[in-house]
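Enquirer: Handing you this structure, nothing more for now.
The values are calculated or read from the model by the stated rules, or taken from the named source; none is laboratory data. Everything quoted here is computed from the prediction, not taken from an experiment. Quick reminder, even Gly has a Cβ in these numbers, built from the backbone with ideal geometry, and neighbours come from all protein chains shown. Keep in mind that these areas ignore ligands, DNA and RNA; they rest on the heavy atoms of the full protein, side chains included. Shrake-Rupley method; radii C 1.70, N 1.55, O 1.52, S 1.80 Å.
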Amino acid sequence: MLELEKRSPLAFAIALKDGRVLETVGDAADFLSALNADQRERTHWRTAIMMFNNAMREARYLKTATINLRSALLYDRLIDDTGH
């Protein structure tokens, strides 16, 4: 089974409103670890974190984890959804 590393690509890239693009597992891990305590308690962020933890144990869950991350970002309106 393929193991995920920090440089492993996400299932798809996610462009943020601040100009950053989350493209790798490392990008996602850095973003999630930078969340404050209040954010980490919100259900959508807890789910995203849990799914990335699952993906780190089972690489086949990476697509689901990426989708959950995108959903959490959408809930907090952090995604560049203009198509650019």
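Enquirer: Does region 56-84 hold any residues that are modelled with pLDDT under 95, aliphatic (A, V, I, L, M) and either open to solvent by 80 Å² or more (accessible area, probe 1.4 Å) or under 11 Å from the mean Cα position of the chain (by Cα) (or both), and which are they?
Expert: 56
Enquirer: Scan (1) modelled with pLDDT of 95 or more; (2) more than 13 Å from the chain's Cα centre (by Cα); (3) surrounded by 18 or more Cβ atoms within 10 Å (Cβ to Cβ) for the single condition residue 4 breaks and write down its number.
Expert: Only one criterion in (1) modelled with pLDDT of 95 or more; (2) more than 13 Å from the chain's Cα centre (by Cα); (3) surrounded by 18 or more Cβ atoms within 10 Å (Cβ to Cβ) is unmet by residue 4, namely (1).
Enquirer: Anything in region 17-46 that is of a type in the set (A, V, I, L, M, F, W, C) and surrounded by 14 or more Cβ atoms within 10 Å (Cβ to Cβ)? List them, or say none. So that I can check it myself, show each step before the final result.
Expert: At the first step, the residues of region 17-46 found to be of a type in the set (A, V, I, L, M, F, W, C) are 21-22, 25, 28-29, 31-32, 34-35, 37, 45.
Within region 17-46, 22, 25, 28, 29, 31, 32, 35, 45 qualify.
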